[in-house]
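Asker: What follows is a structure written as structure tokens; I'll ask about it next.
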Amino acid sequence: MSKRLFVGNLPFTVTQSQLETMFAEHGKVESCTVITDKFSGRSKGFAFIDMDPAEADKAMQALNGAEMDGRKIIVNEARPMEDRPPRRDFRGRR
């Protein structure tokens, strides 16, 4: 079983391979997903990484607050997505 990490405050130019390489120094990366805008394809500045729980804890301690292209990244354990109410249009309809 793996532990999912949230990585925030990433530079918008970061690639999946750059992030994998950075985290691979602290253990085996099972998966890495940089979240992108569906229209522009540009990074939204955050990502999710799956690693072995023991290695994920080491990576979290080592990389939280580390600098990447002039930005201090945030690394912590990902929380489950919360339920949100349905979206409404500008007239208040669903």
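The values are calculated or read from the model by the stated rules, or taken from the named source; none is laboratory data. All values derive from a computational prediction rather than experimental measurement. Because the Cβ atoms are built from the backbone with ideal geometry, glycine has one as well, and the counts that use them run over all protein chains shown.
Asker: Which ones in region 70-94 are within 16 Å of the chain's Cα centre (by Cα) and farther than 15 Å from HIS26 by Cα? Spell out how you get there, then give the answer.
Answerer: Of region 70-94, the ones within 16 Å of the chain's Cα centre (by Cα) are 71-81.
Of everything in region 70-94, those that are within 16 Å of the chain's Cα centre (by Cα) and farther than 15 Å from HIS26 by Cα turn out to be ARG71, LYS72, ILE73, ILE74, GLU77, ALA78, ARG79, PRO80, MET81.
Asker: Residue by residue through region 6-34, note down the ones that are modelled with pLDDT of 95 or more, β-branched (Val, Ile, Thr) and over 19 Å from ALA78 (Cβ atoms).
Answerer: If the condition is that a residue be modelled with pLDDT of 95 or more, β-branched (Val, Ile, Thr) and over 19 Å from ALA78 (Cβ atoms), then THR21 is the only one that fits.
Asker: If we keep just the residues of region 43-57 that are crowded, with 16+ Cβ neighbours inside 10 Å and of a type in the set (A, V, I, L, M, F, W, C), which is nearest to LYS28 (Cα to Cα)? It would help to see each step written out before you state the result.
Answerer: Our first condition is that a residue be crowded, with 16+ Cβ neighbours inside 10 Å; within region 43-57, this holds for 43, 45-47, 49-52, 55-57.
Add one more test, that the residue is of a type in the set (A, V, I, L, M, F, W, C), and what stays is 46-47, 49, 51, 56.
Working: PHE46: 20, ALA47: 16, ILE49: 10, MET51: 6, ALA56: 9 Å.
Checking each candidate, the answer is MET51.
Asker: Answer yes if at least one residue in region 23-35 is in contact with a Gly (Cβ under 7 Å, 6 or more places away or on another chain) and crowded, with 16+ Cβ neighbours inside 10 Å, and no otherwise. Reasoning before the result, please.
Answerer: So in region 23-35, the residues in contact with a Gly (Cβ under 7 Å, 6 or more places away or on another chain) come out as none.
Within region 23-35, none of the residues are in contact with a Gly (Cβ under 7 Å, 6 or more places away or on another chain) and crowded, with 16+ Cβ neighbours inside 10 Å.
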